[in-house]
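Participant: Have a look at this one.
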Amino acid sequence: MGEDWHVYVLQCADGTLYTGIARDLQKRLLQHNGAQAGGPKYTRGRRPVQLMWSDTAADRGAALQREAAIKKLSRRGKLQLIGCRSRLSMW
């Protein structure tokens, strides 16, 4: 069997949240922060980003389903997922 897939939530420097999936989470974080080539356009102008939450998924399909479910959550729901209840009043 190959490596697990990871579903993750980042907090960008501007306070926004970004949800994604990756096979190699550490490499993907380096890409998000510009230390390695690649990474989405969304986080390029919002660096640095910080990993707030991650979980593993058995395969790509499961990771994509979990990512889609998280993206449908409100900001409040995402903050509750990552355990940042104290930040609710900020937004």
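Participant: Pairs, please: C-beta under 6 Å, at least 6 apart or cross-chain, first residue more than 16 Å from VAL7 (Cβ to Cβ) and in the range 23-48, second exposed (fewer than 12 other Cβ atoms within 10 Å of the Cβ) and among the acidic types (Asp, Glu)?
Facilitator: ARG46/ASP14
Participant: I need a count of the residues in the range 42-58 that are part of a loop (DSSP other than H, G, I, E, B) and either in contact with a helix residue (DSSP H, G or I) (Cβ under 6 Å, 6 or more places away or on another chain) or over 21 Å from LEU81 (Cα atoms) (or both).
Facilitator: 5
Participant: Just checking, does the range 29-37 include any residue being under 12 Å from the mean Cα position of the chain (by Cα) and among the small types (Gly, Ala, Ser)?
Facilitator: Scanning the range 29-37 turns up no residue that is under 12 Å from the mean Cα position of the chain (by Cα) and among the small types (Gly, Ala, Ser).
Participant: Tally the residues that are hydrophobic (A, V, I, L, M, F, W, C) and in a strand (DSSP E or B), restricting the search to the range 18-31.
Facilitator: The qualifying residues number 2.
Participant: Go through GLY15, GLY34, GLY39 for me and flag whichever is assigned to a loop (DSSP other than H, G, I, E, B) and either among the acidic types (Asp, Glu) or buried (at least 18 other Cβ atoms within 10 Å of the Cβ) (or both).
Facilitator: Checking each option against the conditions leaves just GLY39.
Participant: Let me ask something additional. Examine the range 41-51 for a residue that is at pLDDT 95 or above and of a type in the set (A, V, I, L, M), and state whether such a residue exists.
Facilitator: Yes: the range 41-51 contains one or more residues that are at pLDDT 95 or above and of a type in the set (A, V, I, L, M).
Participant: While we're looking at this one, here's another question. Please verify whether ILE70 is part of a helix (DSSP H, G or I), at pLDDT 95 or above, aliphatic (A, V, I, L, M) and under 12 Å from the mean Cα position of the chain (by Cα), treating the condition exactly as stated.
Facilitator: So ILE70 passes the test.
The values are calculated or read from the model by the stated rules, or taken from the named source; none is laboratory data. Quick caveat: nothing in here was measured; it's all calculated off a predicted structure. Please note: Cβ atoms are built from the backbone with ideal geometry, for glycine as well, and neighbour counts cover all protein chains shown.
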